[in-house]
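Colleague: Structure incoming, see below.
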Amino acid sequence: MNTKHILRNVVVLLAALALAFLAGQEFYDLQQPDEFYTANPALTRIAKLSEYNPNLKGTAGDTDIYVFDSGVPGGVALIYGGTHANETAAVMSAITYIENVSVSQGKLFVIPQANLSAFSATLPLRAQASHMNFTLTDGSTRQVRIGTRLANPVHQWPDPNYRLNTSGRMLQHGEIAEIRNLNRNHPGLEEGYLVEMVCYGIRKLVETENVDLLFDGHEASPEFRAVNFLIAHERAMDLGSAAILNANLDAMMEGNMDGYPFKLDRSGATSWGLSHRALGDNTNAMATLFESLNPVMGFCHDKVTEELVKDGISPNYVKITELGLLSSGELTEAGSPIELRAAYHMEMSRHLIGALGELYPEKTLTISGLPTFNDLVTNGFEGILKPLK
């Protein structure tokens, strides 16, 4: 082999090594924990899910739980996002709670990354952005991770050919990957697949802490019929009705005479493995789930860039809307921005907490400090998020 061929091979090898290094660095970065703001004086402690299922200790499922305990008897609520790590509005709403909420009666638990493993990967074959970046008023940047719908196969593999989970749901054929879906495996198993153990940890948290209200934040595709729906277990239907009524009354008091686009639906009797059904059936909590509109979740979305995730502006869905092909998640050129979506989550969860005390005075949970709907929509997360340093 002459010198020219050797040199060419060396160049190719070095290029391959460089690409492998860059890819490996990105993979490594995704495995590192996110940094959260923890200087809220109302924050009592940061617990781990392994406190409720010790089998999670040291695993990629051992997520953080932010505890706000007033020390005054009252209601108990659990608000969590990140069941699906690409449904970013629920994550941002949970982060906003962590940074701002104060509790003067009762106890509040907040989980921003319920399926922690899912934040260590992105959707395959989508060229998906892995982070959102927000430039704050002090000039610093906050970075928030965008993950995937399912737990990382690096942490839970292989998927079984068949699985009958604790809810009675049969996972088979095209559904077997759902064994890595946190919202298909409730109420979970103490010892099982990673996601089943995470589900069990959440269940034991709800049972051990006598949680009265559970709010599971999600985002839906424009094609999905339940856009901006609150899905409630039958024991939580009165609570959901009161929350939506109060939210719309507040909106009208602030000059928004159209109110919010919130709708209420009862948990399906055969929604096996989903939080609003399985945790409602297997614990004493009033279980709810909320869906905001995110075009990234749809089948016809544009390239999943950071801009699409944050601004929710999708020319594809604008065209589909103009053709009259959407009955629920219609999108205009204004898009569905992250601030609006997260504000819907906050309004819904805040009014559920308020309704809890109205309907059950002994379960009063008194919170304050959260930005208003108009604050969040007007100022954006650039004006709401706290600097980390």
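Colleague: Work through the residues other than Leu49 whose Cβ is under 10 Å from its Cβ and net out their charges, Lys, Arg +1 and Asp, Glu -1. Kindly include the intermediate steps, with their values, before the conclusion.
Modeller: Details: positive: Lys48, Lys57, Lys204; negative: Glu51, Asp62, Asp64.
Once all neighbours under 10 Å are counted, the net charge is 0.
Colleague: Where does helix 194-208 land angle-wise versus the long Cα axis of the chain, in degrees 0 to 90, nearest 10?
Modeller: Helix 194-208 sits at roughly 20 degrees to that axis.
Colleague: Using the crude model of +1 on Lys and Arg Cβ and -1 on Asp and Glu Cβ, and no other charge, please compute the dipole size for the chain relative to its Cα centre, in debye to 20.
Modeller: Values: 29 positive and 44 negative charges, 216 e Å.
Using only the charged Cβ atoms, the result is roughly 1040 debye.
Colleague: Sticking with this one: Go ahead and collect, in residue order, the members of the range 165-189 whose backbone nitrogen is under 13 Å from a label point 7 Å along the Cα-Cβ direction of Thr270.
Modeller: 169-170
Colleague: In terms of the ratio Rg/(2.2 N^0.38 Å) built on C-alpha atoms, what value belongs to the chain?
Modeller: Details: Rg = 21.6 Å, N = 389, 2.2 N^0.38 = 21.2 Å.
Here the Cα radius of gyration is 1.02 times the empirical estimate.
Colleague: Okay, next question. Which cross-chain or sequence-distant (5 or more) residues have an amide H under 5 Å from the amide H of Ser167, H modelled 1.01 Å from N in plane?
Modeller: Those lying under 5 Å, H to H, from Ser167 are Gly188.
Colleague: Turning to a different aspect of this structure: Let me know the shape class of the range 94-163, please: from the alpha-carbon gyration tensor, a ≥ b ≥ c as square roots of the eigenvalues, rounded when a/c is under 1.5, otherwise prolate if a/b is greater than b/c, or oblate.
Modeller: On the way: a/c = 4.37, a/b = 1.42, b/c = 3.08.
Cα axes put the range 94-163 in the oblate bin.
Colleague: For His131, enumerate residues with amide H under 5 Å from its amide H, sequence gap 5+ or separate chain, H modeled in the peptide plane.
Modeller: Under 5 Å from the amide H of His131 lie the amide H atoms of Ile146, each far enough along the sequence or on another chain.
Colleague: Also, quick follow-up: Please list, in chain and number order, the residues 5+ apart from Thr44 or on another chain whose amide H is under 5 Å from its amide H, with Hs placed from the backbone.
Modeller: Under 5 Å from the amide H of Thr44 lie the amide H atoms of Val67, Phe68, Asp69, each far enough along the sequence or on another chain.
Colleague: What list of ³J(HN,Hα) couplings, whole Hz, do you get for the range 324-331 from phi and the Karplus terms 6.51, -1.76, 1.60, once you set θ to phi - 60° and write x for glycine and proline?
Modeller: Using θ = phi - 60°, the values come out as x, 9, 10, 9, 10, x, 5, 10 Hz.
Colleague: Here is a further query. Please determine, in degrees from 0 to 90 and to the nearest 10, the orientation of helix 88-100 with respect to the longest principal axis defined by the Cα atoms of the chain, where the helix direction is its Cα long axis.
Modeller: The angle comes out at about 60 degrees.
Colleague: Give a residue-ordered list of calculated ³J(HN,Hα) values for the range 228-235 (Karplus: 6.51 cos²θ - 1.76 cosθ + 1.60, θ = phi - 60°; whole Hz; x for Gly, Pro).
Modeller: These are the phi-based 3J(HN,Hα) values: 6, 9, 9, 9, 10, 4, 4, 6 Hz.
Colleague: Please quote Rg/Rh for the range 174-275 to two decimal places, taking the Kirkwood radius as Rh and restricting both calculations to Cα atoms.
Modeller: On the way: Rg = 16.5 Å, Rh = 15.7 Å.
Across the range 174-275, the Cα-based Rg/Rh ratio is 1.05.
Colleague: On to the next question. If you average the sequence gap of Cα pairs under 8 Å that are 6 or more apart and divide by the length of the chain, what percent do you get for the contact order? Walk me through the numbers on the way to the answer.
Modeller: On the way: 844 pairs, mean separation 74.4, N = 389.
Value for the chain: 19 percent.
Colleague: Starting from the Cα gyration tensor of the range 69-188, take the square roots of the eigenvalues, sort them a ≥ b ≥ c, and report rounded, prolate or oblate (rounded when a/c is under 1.5, otherwise prolate if a/b is larger than b/c, else oblate). Kindly include the intermediate steps, with their values, before the conclusion.
Modeller: Working: a/c = 3.71, a/b = 1.32, b/c = 2.82.
Taking the square roots of the gyration eigenvalues as a ≥ b ≥ c, the range 69-188 is oblate.
Colleague: Among bridges DSSP assigns within the chain, what percent are antiparallel (round to 5)? Don't skip to the answer; put the middle values down first.
Modeller: On the way: 22 of 43 bridges.
If we restrict to bridges inside the chain, about 50 percent are antiparallel.
Colleague: Mind sorting Thr166, Thr378, Thr270, Thr148 by how few other Cβ atoms lie within 10 Å of their own Cβ, fewest first?
Modeller: Numbers: Thr166 19, Thr378 13, Thr270 10, Thr148 22.
Final ranking by Cβ density, sparse to dense: Thr270, Thr378, Thr166, Thr148.
Colleague: Could you give me the ³J(HN,Hα) list for the range 337-350, computed from phi with Karplus coefficients 6.51, -1.76, 1.60 and θ = phi - 60°, whole Hz, x at Gly and Pro?
Modeller: x, 4, 5, 5, 4, 5, 5, 4, 4, 5, 5, 5, 5, 4
Colleague: Shifting gears a bit: Among Leu331, Leu326, which comes first, second and so on when ranked by fewest other beta-carbon atoms within 10 Å? Intermediate values should be presented prior to the final figure.
Modeller: Working: Leu331 23, Leu326 18.
In order of increasing Cβ crowding within 10 Å: Leu326, Leu331.
Colleague: For Glu209, Glu196, Glu339, what's the fewest-to-most ordering of other Cβ within 10 Å of each Cβ?
Modeller: Glu209, Glu339, Glu196
Colleague: Nearest 0.05, what FRET efficiency do Thr44 and Thr378 give at R0 = 22 Å with Cβ-Cβ as r? Mind dumping the intermediate values first?
Modeller: Values: r = 31 Å, r/R0 = 1.40.
Between Thr44 and Thr378 the formula returns 0.10.
Colleague: How far is helix 237-253 tilted off the main Cα axis of the chain, in degrees rounded to 10, range 0 to 90?
Modeller: 90
Colleague: Which links in Lys48/Lys310; Lys303/Lys386; Lys363/Lys386; Lys48/Lys107; Lys263/Lys310 stretch past 19 Å when you go from one Cα to the other?
Modeller: Values: Lys48/Lys310 29 Å; Lys303/Lys386 29 Å; Lys363/Lys386 31 Å; Lys48/Lys107 16 Å; Lys263/Lys310 24 Å.
Violating the 19 Å limit, Cα to Cα: Lys48/Lys310; Lys303/Lys386; Lys363/Lys386; Lys263/Lys310.
Bear in mind that the values in this text are calculations on the coordinates, not laboratory data. Note that this is a predicted model, so its numbers are computed, not measured. Cβ coordinates were reconstructed from backbone atoms using ideal geometry, including for glycine residues, and neighbour counts include every protein chain displayed.
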